[in-house]
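Structure, as structure tokens:
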Amino acid sequence: MTTYCGRCESDEDFAKASLFAIENKHELHSSYYTLDMVSLLCTYMTQGHMLYIADDEHRMIGLLGYYHGTPEKQFEDKDVALADTAIMDRAYRGTRLFLKGLRYMVGQIIEKHPDVQVLRLVALSDNAYLCGLYAKFAEPDYTREGPAGEETVFCVKIHQLKSILYRKYKV
């Protein structure tokens with residue numbers, strides 16, 4: 001299956017991303033309601049950035065969200081990018097697609113926000129699979145309380161991560 005990545009820029013992109021996120025809200029967490037997802041989407045549309053993965057029929061199969069800066073510091077810490085949302089259609093979930101999306105996101109952050117030095121990746125602490133994936137690239141730095149429970153925040157220098165992704169993982 002051929003897949004490609006893109007950045008949500010047009011109203012059509014945001015509409016597709018919103019429908020995908022609402023339909024797959026439980027892939028993010030089982031406690032998410034539609035209103036939770038709408039609120040999250042509005043925050044990304046106004047303060048963050050959304051990237052997507054689509055199949056060869058232009059059907060969205062994955063969505064990534066990140067911020068340039070952190071909400072805690074009113075986005076003034078421009079040396080940080082915070083990625084705290086990743087949703088993948090269960091039928092397509094796998095390491096290869098995860099790596100493709102991560103590589104695309106890292107490339108986009110470096111291109112669009114050259115001042116970013118550190119990438120923070122957020123995962124629910126009880127999500128052993130995602131924490132295990134992030135631990136291959138980044139160090140757990142701290143935990144925080146999120147809307148769905150305790151979250152672990154992993155940190156990595158973004159150029160170091162780019163080097164690892166392009167050197168070790170061919171996707």
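Of note:
- Label-reachable residues, segment 5-21, where backbone N falls under 17 Å from a point 7 Å from Thr34's Cα toward its Cβ: 15-21
- Loop-located trypsin sites (Lys or Arg not before Pro) in segment 1-72, at most 14 other Cβ atoms within 10 Å (DSSP): Arg59
- Against the criterion of solvent-accessible heavy-atom surface with a 1.4 angstrom probe, Met105, Met88, Met1 sort, most first, into Met1, Met88, Met105.
- Under the Karplus curve 6.51 cos²θ - 1.76 cosθ + 1.60, θ = phi - 60°, whole-Hz ³J(HN,Hα) for segment 103-112, x wherever Gly or Pro sits: 4, 5, 4, 4, x, 5, 4, 5, 6, 7
- Apportionment of accessible area to carbon and sulfur, the chain, percent (1.4 Å): 52
- For segment 130-141, 3J(HN,Hα) per residue [Karplus equation, 6.51 cos²θ - 1.76 cosθ + 1.60, θ = phi - 60°, Hz, x = Gly/Pro]: 5, 4, x, 5, 4, 5, 6, 10, 9, 9, x, 10
- Given 13 as the ceiling on other Cβ atoms within 10 Å, longest exposed-site-free region of the chain for GluC sites (Glu not before Pro) in DSSP loops: 77-171
- Shape of segment 17-97, Cα gyration tensor, a/c cut at 1.5: prolate
- Cut-off under 5 Å, modelled amide H: who pairs with Gly146 long-range: Glu151
- Gain on full extension, evaluated as 0.36 nm per residue between Glu139 and Glu12 minus their Cα-Cα distance, stands at 42.1 nm.
- When segment 4-169 is reduced to its Cα atoms, the Kirkwood hydrodynamic radius in Å: 16.0
The values are calculated or read from the model by the stated rules, or taken from the named source; none is laboratory data. Predicted model only: the values in this text are computed from it and were never measured. Methodologically, a virtual Cβ is constructed for each residue, glycine included, from the backbone with ideal geometry; neighbour enumeration extends over all protein chains shown. Note: accessible area is taken over every heavy atom of the protein model, side chains too, but ligands, DNA and RNA are not part of it. Shrake-Rupley method; radii C 1.70, N 1.55, O 1.52, S 1.80 Å.
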